[in-house]
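S.K.: Pasting a structure here, questions to come.
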Amino acid sequence: MDERDRLEFGEFVAARSGALIGLAYVLTTDQHAAEDLLQTALTRAAARWGRIHSAPEAYVRQIMYREQISSWRRRARRRETAMAEPPDQAVVADTGTEARLIVREALRTLPAGKRAVLVLRYIEDLPEAQVADILGISVGTVRSQTSKAITQLRSVLALAGLSSTEAGS
Amino acid sequence: MNEPDDLITSALRDLARQAAQPHLSAETLWRAGRRRRWAAITTTAAGAAAATAAAALIPLAVLSTPAHPAPRPPVISSAGTHRPAPIQLRQVARLTHHRCPPGSHGLPGTSKDECFYLTRTGMAISRFASVTILNPQSGTKAYWVNFRFERADIDRFTDLTRKLANSPTPRNQMALIINGVVLMHPYIPASISVGEFQLETGPSRASAEALLHQVEHL
């Protein structure tokens with residue numbers, strides 16, 4: 001049984017770590033932190049493989065979301081706030097590519113909780129109730145976090161001279 | 001989906017594509033996971049004697065009240081007073097991968113998404129005779145922590161391990177509970193009569209020291 005589990009786990013890591021590192025990177029915005037986060041989640045998946053082997057990816061993703069938020073809270077308590085580098089003077093452009101670059105940099109400045117909510121809502125396309133379940137928070141908190149994150153991103157676009165409607169054009 | 005939504009989605013996907021492919025060893029991750037799952041436990045004192053003991057003999061503190069009271073904790077007697085014992089060894093009945101619901105009888109583990117439900121089988125002690133970090137033996141990389149019982153507790157521990165060793169999974173696991181938190185839950189392969197046991201804490205000395213710290217600061 002243990003040998004079969006080990007082989008299954010190896011196949012899962014080989015098949016899915018490429019996709020999962022992308023998620024880890026969006027959550028951490030740092031390559032080393034992303035790899036640490038993924039390794040932590042996979043180690044915990046290995047520890048519980050007997051129970052989760054039928055749907056390991058959902059478990060790994062949930063661990064990554066929760067671990068990243070916990071990690072961010074621990075850093076916040078220690079007042080080791082990671083500050084994004086101040087952006088260069090904004091170059092106003094109305095192309096979709098440049099607008100996406102601006103949004104991407106703005107995403108880096110969001111707290112982990114808000115970023116996780118956005119990833120779950122916009123990349124994973126999950127309903128609010130499921131987002132709340134994964135993150136262990138209320139649906140109301142999901143709504144407010146989403147709203148605040150969107151407002152924050154829109155203000156960045158506005159500062160860059162791109163209104164939300166211009167940005168997509 | 002409206003334009004700002006499209007923009008956010010595109011930016012998030014751009015960010016995901018920036019990640020470099022990780023160089024992961026599934027075998028290493030698997031072994032680390034197994035260590036986490038089954039903190040190995042040895043049954044003889046020989047292994048401990050062969051290992052080089054670090055200079056970390058910890059005299060444990062006297063009784064203190066747990067920060068997170070366990071449900072109906074065993075009570076020990078000390079000089080005519082009854083106070084909850086800070087160290088408990090209890091049989092695991094069930095482990096769930098969710099936070100303990102408010103009002104439940106479960107105890108949290110070191111991870112927030114673990115909840116242990118325990119049977120009444122177990123023992124409570126006020127202190128170990130000694131707790132010592134053992135350096136990795138030759139050919140291995142794992143640190144161990146050795147727990148030695150007071151003479152009065154040895155027979156109780158032998159009886160407890162005999163009972164657990166003959167139980168089906170997960171009831172063959174012994175939860176080590178300190179201040180209401182399950183720190184480890186090794187499985188017991190056989191009864192242990194030598195009055196001490198060792199827990200493997202992994203390749204990092206920091207993990208062994210963290211466990212030592214937990215016991216030291218009761």
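Read-outs throughout are calculated quantities, based only on the coordinates presented, and are distinct from any laboratory measurement. Given the structure is predicted, the values throughout are model-derived calculations rather than measurements. All Cβ positions, glycine included, derive from the backbone under ideal geometry; neighbour counts span all protein chains shown.
S.K.: Residue by residue through the stretch A:4-19, what is 3J(HN,Hα) from phi via Karplus (6.51 cos²θ - 1.76 cosθ + 1.60, θ = phi - 60°)? Round to whole Hz and write x for glycine and proline.
M.R.: Per-residue couplings from phi come out as 5, 4, 4, 5, 4, 4, x, 5, 5, 4, 5, 7, 10, 5, x, 6 Hz.
S.K.: Check B:GLY202: other-chain or 5+ apart residues with amide H under 5 Å from its amide H, H built from backbone geometry?
M.R.: For B:GLY202, whose amide H was placed from the backbone, the distant partners under 5 Å are B:TYR143.
S.K.: Can you give the FRET efficiency for B:ALA152 and B:ASP6, using 1/(1 + (r/R0)^6), R0 = 51 Å, r = Cβ-Cβ distance, to the nearest 0.05?
M.R.: The pair B:ALA152/B:ASP6 has a calculated efficiency of 0.10.
S.K.: Still on this structure: Non-local amide H neighbours of B:THR121 (under 5 Å, H modeled in plane, Pro and chain starts lacking H): which ones?
M.R.: Close amide H contacts, sequence-distant or interchain: B:GLN91.
S.K.: Going Cα to Cα from B:LYS141, which lysines come in below 30 Å? Please leave out same-chain ones fewer than 8 positions away.
M.R.: Within reach: B:LYS112.
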